[in-house]
Each structure stands twice: as structure tokens, then as C-alpha cells.
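Since every read-out is calculated from the coordinates, none of them should be taken as a lab result. These numbers come from a predicted model, not from an experiment.
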């Protein structure tokens, strides 16, 4: 309504200006009387004020519409993020934390039953991003434990791979939980990664160098 009134008043104002210009050019004594000399400026001033008022109202309406659209976009983004987290949680629940590559049995840990000779600390971003805080770890040969702390609600774990086989794997954790993968390793190059489906492919992996 305000937008329609604004355009109507604007059109009247433009039309009146053109009419007065045409009459003024043809009539040398225009406006011709004192009454018209007073009435015409007052009328123009009233139209200008009214047009400006409706322009202000229209601007406020557009601002409210923009705020509503922005709020809707933020709500949609939050819903999408929540849906992604739900999918990741569902994927984690469908994967046994201790399942390895040998018929569903827990992966071998190379006889690392005693206290670890070396414990390496690992974490990831609080926003649930699919990455570790480092992609390289180093340790001396022996019993090596990787303690991964997950500060986010997105489920993660840590596992150790040697020659394409998982030799140690911790449990899936969230919200500050710690997942530990421990194995007795000789000198060589190994991989550490998150075993939750899709997370390693997204970047949650690194190289473990054993001296």
C-alpha cells in the first residue's frame, strides 16, 4: 500500500511540475494572481512532504523484509548443520568402534598390553571440522599410544594403519571424550586416521613416523 501511494504521489508531483513549467513558458504573467502564487508553492510543498513520508515508510518496510529474509536464511543454515550432524551420528552408530578388518574382531595391537613407551596427544577443531590438529606425528620404536581428544559433538576416533591394515583403533567419542589407539610398532612409516565412515576421505588422517 505504501509503495503504491508513493508512486502515485511521485507521479502527481512530476506531472504538476511539467504542467507548471509548460504554463509558465506560455504565460508571461504566470501565476497571474496572488492566490495562485501562494497556493501553488503550498501544494508542491505538501506533495513533496507526502512523497517523502511514504518513501520513508517504504524504506522501513523493505528493511523489515530484509531482516526477515536474513533470519530465515540463518535458520535454514542452522537446520542444514543439524542435519549434517545427525547424519554423522547415525553413521557412527552404525559402525562398531572396535571392529577391525578381520571378521569384525578388534584389530591386533602388536602385543602392546603394557604401559605405552610413548604417548602422543592429538585433537581436532571444536566446530567439528573433519581434520586433526596435525598431520604428522613422530615417536621412537616400541609401544606407542595415540590419545585423541574430541572437543566437538561430531563423532570421531583414532586408528593406526600399517601396510594397509588397521593395527589399532580407539572407540568413537564426542564432547571431550578421549579415543586411544595403542600398538607395538617397529621403525617405519604408518598412518593414523579417523575410522568413522567418510571422515578419513574428508581429510582426517596423517603420517606417523616411527624412528
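Summary of computed values
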read-out: DSSP bridge pairs, region 118-210: antiparallel proportion in percent, nearest 5; value: 70
read-out: Å³ per residue enclosed by the Cα convex hull of region 118-210; value: 74
